[in-house]
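Taken together, the values in this text are just the output of simple stated rules run on the coordinates, not laboratory data. Just so it is clear, the structure is predicted and the values come from calculations on it, not from any experiment. Positions of Cβ are generated from backbone atoms using ideal geometry, with glycine treated the same way; all protein chains shown enter the neighbour counts.
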Amino acid sequence: MYTVLIVDDEPLICQGIRSLLADAGLPIRQVITSTSGHEALDHVRMEDVDLIITDIQMPGMSGIELMHQAKMIKPWVQTFVVS
């Protein structure tokens, strides 16, 4: 079972992706949503995140920077970019 972190500064996008994952029938244990890169990094530190789905352009911290920082914290985490 996997834990997925969805990161987008638009909450409706997060909810839409969450719904798609719920309907996909994948072995997902938990879906976490975050509206900023900084908040997402807190989740990466505190949760056993397997996959990060992120937007590239977000205020404060871009998705590219988030991916870089997340890999430094947990090198095994996989990322998927939605733009």
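Ordered from longest to shortest, the equivalent ellipsoid semi-axes for the chain are 18, 16, 10 Å, each the square root of 5 times a Cα gyration tensor eigenvalue.
Summarising the amide proton neighbourhood of residue 2: residues at separation of 5 or more, or on other chains, whose placed amide H is nearer than 5 Å comprise 28, 29, 30. Could you tell me which of 49, 36, 19 has its Cα farthest along the dipole of the chain towards the positive end, charges placed at Cβ (Lys, Arg +1; Asp, Glu -1), taken about the Cα centre? Among 49, 36, 19, the one farthest towards the positive end of the dipole of the chain is 49.
Converting phi to 3J(HN,Hα) with the Karplus coefficients 6.51, -1.76 and 1.60 and the offset θ = phi - 60°, the stretch 45-61 yields 5, 9, 10, 8, 7, 9, 9, 10, 10, 9, 7, 7, 9, 9, x, x, 9 Hz in sequence order, with x at every glycine or proline.
Only the Cβ atoms of Lys and Arg (+1) and of Asp and Glu (-1) were treated as charged; on that basis the dipole of the stretch 8-83 about its Cα centre amounts to roughly 240 debye. Provide the per-residue ³J(HN,Hα) series for the stretch 12-26, in order, calculated from phi with Karplus coefficients 6.51, -1.76, 1.60 and θ = phi - 60°, each as a whole number of Hz, with x at glycine and proline positions. Coupling constants for the stretch 12-26: 5, 5, 4, 5, x, 5, 4, 5, 4, 5, 5, 7, 7, x, 7 Hz.
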